[in-house]
Every structure is written in C-alpha cells, then in structure tokens.
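What follows is a single structure, written as structure tokens, with notes after it.
The values are calculated or read from the model by the stated rules, or taken from the named source; none is laboratory data. All figures in this text were calculated on a predicted structure; none of them were measured in a lab. Backbone-built Cβ (ideal geometry, glycine too); neighbour counts: all protein chains shown.
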Amino acid sequence: MRIIVVGGGVVGVTSAYWLRLAGHEVALLEQDIQAGNGISAGNGGQLSYAYVEPLAGPELWTKFPKILLGFDSAVRMRPDLSLDSIRWGLAFLRQCVGKRQADSLKALLMLAAESHRALAELLNDVPLAFDYAAAGKLILYRDGWSLEHAAALAEIKRTYGFRLEIADRARCLALDPALIGYGNDFIGGVYAPEDAAGDCARFTRGLYAHLSRAMGVEAHASTRVMKLSTRDGRVAGVELDSGEMPADAVVLANGIEAPRLAATVGLKLPIEPVKGYSVTAPARPEAPIVSLTDRTDKIVFAHLGGRLRAAAFADLDGWSPAVNPERARQLVILARRLFPHGADWSRAEPVWAGQRPMTPSGVPLIGDSGVPGLYLNAGHGGLGWTLACGAGKRLAGMVAA
C-alpha cells in the first residue's frame, strides 16, 4: 500500500520507519526546510518511560484558581475563546477528577513500555548518533507527603514492568553527586533506572536521512500540504502547491497542524497547543548526569553530550508560536538558581519555545480516524519524544490490520 506520512518530526519519521518495515511504500512530507525543526527541535530531551503521568490530574484541579489568576509559575491558561478551545478546556478539566485520570495513566504507561522496547529495536537496526545516554532519571520531592504519594504511584507503575526505586536524600546524592550543589532542598526522590535522555532533533534528522538513503522512503522537505484529497468518500492523497500527490492512505503525524488538515475532510481533532520552553548551555563538570525532574518547580534537566538542557512550563496561551520574553527570562533565572555551576549559562543558546499538541486526556490519537483512508498519530503533548517509537510501531500494526 502507498502511504503518505505528513510531518517530519519525531512522530512522523518513526511512523514512516515502522510503516516501511511493514512493507508499505512510504512518502514522508515535511513543510520545513529539514526534519526535526518543530516541536522535536528543543524539547526537554528526556525519554521518561516511567514518568508519563498526564498533565490533567487531581493536583492540577486543586491549583486551578491559582492558575487562572496567573499565580502558578509552571502552568498558565490563557486560551483563545473559540468554541473549540472552550470545549477542549472543559474536557481537560473533566480529566482531572474521577476514573478518567487513572485510565489515561494506564494507557500512557502501556504505550511508554511499548516505546521503550521499540526504540531498542530501532537502534539495533539503525545506529544513530543523538547523544543518547541511558543513565536513568530522578524525580525530586521536597516533602514527605509528596514522596509517599509518589511511592504509592510507583507501585502502580511496577505492575507495568517499570523498575522504580524510592530513594532518600543520601541515595539521591550517591546516584548523582552533582545534586550536592542543587539550589532546592529535597528530602528524596523516585529513581527510574531505565529512563534515558537524548537529542530528539539529532535522532529525527538522522532517521529521516536513513529512511531516504537506505530504506527507499520518498522524503520531501519544504513541502506544505494544503488539504487532503478525497475520491469516492475516502482520503486518496494530498494536495500540494505543486499539485496532487495520490496515495492509498494518509497518516497525519504533524502535531498542531493535524487539526487543520483533518478539518479539510470534516474531521475535528481535540488537539490544542500547550507551549513549553527550554534553554540549552555548555555543560560544566558539575552538571548532572542523571536526568532530573523537580516536582515542585516543574522543571526538567537533561545532559545531552556536552550540553545541559533545562525545560519547563505548560502554557495554554493560544496558537501563536512566539516566545514570551517574560517566560524565557523566568526559565533562565530558574535554571541558573537550581544549577548555578552546572552549565555556562552566560553562553546559553536563545530560549526555545514549542507548541506541544495535546488532547484533553494527554493520550495521543493513534490509528484509524473514522474517515476511510485517513490515519492519525497525533496529540502526544509533551511526551512525543518518549512515546514516538511505540506510537509509530503501534500505528503500523493498525494499518496492516
């Protein structure tokens, strides 16, 4: 079957990889000048298989008034007032209570476990250089109640095959001595030894090149899809500026652009952009090796080769991709305070912002769209790097079926 995959980010290239392995003829279309320039370019760098908790949860619900008033530093909600955004917001809030959040966590853990295995399979077949380091991850907590809650959650995660260790402060310092100079006090953490880190942009571009060079995938950069084309009630290709490109099926793996194209065949996708920020600077010897998440300040750190990346924030502030200067300033101040000697922050790259495509539940849309000939692999939120390989392999199995 001839399949067009729209989107050259990490979700698009992994979709194309697994579809090609399944024997399909694949064309991969990327609107930018090269793969990995969108949300894949500057994400937090962490492969957080054991830490795929959805944004919508009881903790967020209790903080909602503070968030609306702008007093929460990690999450901001200033969505536009379109009907679709209002519906999405209400659905998101419903996910914060009751059984829905538990169901979302289960779905994400299952996909994360698949993705962990799928990445290992891919790297066994395709040797890619992307500053990959399987050094594990520590989630830091400052109070006993939070750590006890995390320990209870760890028991649930262990049932899905994840190895997790509840660590006191001394154990955390033994796992990564760089924490001696950490700017926040903490009493302990949860250690996930199978989690990892890597440069998502380098991975994406490397795999994109491999697909074209060694696997016979038609890779087209600087190619914007204007709309989906249909024939006899099914999607039969895409329309480009240069004309129509036919196919037996189309996969939308293009992040926040997916709703625009789905709408051309009358399909509404429940996806809204949630903006995140990152800053990357040359690492110093005092930089952490283990990936870190600070649960209080909602910031993550990943050591990517000779660089230290800090990422934070979840801003529902509409569809503009622009970097908010105040948020950029806050991130740099926070990163400097927490790891003042971990990186040469005076030589940091410009702060990056990316619009993460999120469903209300945080669970991505994978598989048949309900429109004949159209498949989805979209809505991964802030977990696209972590879930991409599992999502791509799962999608390929669904198309084959």
Taking residue 221 and the conditions (1) in contact with a Pro (Cβ under 7 Å, 6 or more places away or on another chain); (2) surrounded by 14 or more Cβ atoms within 10 Å (Cβ to Cβ), which numbered condition does it fall short on, given that it satisfies the others? (1)
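Mind telling me which of the residues 318, 342 ends up being touching an Asp or Glu at 6+ places or on another chain (Cβ under 6 Å) and surrounded by 24 or more Cβ atoms within 10 Å (Cβ to Cβ)?
Values: 318 fails: surrounded by 24 or more Cβ atoms within 10 Å (Cβ to Cβ).
342 is the lone residue from the list that is touching an Asp or Glu at 6+ places or on another chain (Cβ under 6 Å) and surrounded by 24 or more Cβ atoms within 10 Å (Cβ to Cβ).
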Would you confirm whether any residue within segment 307-314 is surrounded by 20 or more Cβ atoms within 10 Å (Cβ to Cβ) and more than 20 Å from the chain's Cα centre (by Cα)? no
Go through (1) out of contact with any Asp or Glu (no Cβ under 6 Å at 6 or more places or on another chain); (2) outside any strand (DSSP E or B) one by one and return the number of the condition residue 303 breaks. (2)
Where residues in segment 266-300 are outside any loop (DSSP other than H, G, I, E, B) and of a type in the set (Gly, Ala, Ser), which of them is surrounded by the most Cβ atoms within 10 Å (Cβ to Cβ)? 291
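Residue-wise test of (1) closer than 30 Å to residue 154 by Cβ; (2) modelled with pLDDT of 95 or more; (3) in contact with a strand residue (DSSP E or B) (Cβ under 9 Å, 6 or more places away or on another chain).
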| residue | (1), (2), (3) |
| --- | --- |
| 11 | yes, yes, yes |
| 20 | no, yes, yes |
| 27 | no, yes, yes |
| 48 | yes, yes, yes |
| 89 | no, no, yes |
| 99 | yes, no, no |
Restricted to segment 8-25 and to residues being in contact with a Lys or Arg (Cβ under 8 Å, 6 or more places away or on another chain) and not in a helix (DSSP H, G or I), the residue surrounded by the most Cβ atoms within 10 Å (Cβ to Cβ) is 24
Where residues in segment 193-240 are under 20 Å from residue 387 (Cβ atoms) and in a loop (DSSP other than H, G, I, E, B), which of them is farthest from the chain's Cα centre (by Cα)? 193
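Please go through segment 337-396 and pick out each residue that is of a type in the set (A, V, I, L, M, F, W, C) and closer than 30 Å to residue 232 by Cβ. Break it down stepwise before answering.
Here is the first cut: in segment 337-396, the residues of a type in the set (A, V, I, L, M, F, W, C) are 338-339, 343, 345, 348, 351-353, 358, 363, 365-366, 371, 374, 376, 378, 383, 385, 387-389, 391, 395-396.
Within segment 337-396, 365, 366, 371, 374, 376, 378, 391, 395, 396 meet the criteria.
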Counting only residues in segment 139-164 that are part of a helix (DSSP H, G or I) and in contact with a strand residue (DSSP E or B) (Cβ under 8 Å, 6 or more places away or on another chain), the one surrounded by the fewest Cβ atoms within 10 Å (Cβ to Cβ) is identified as 151
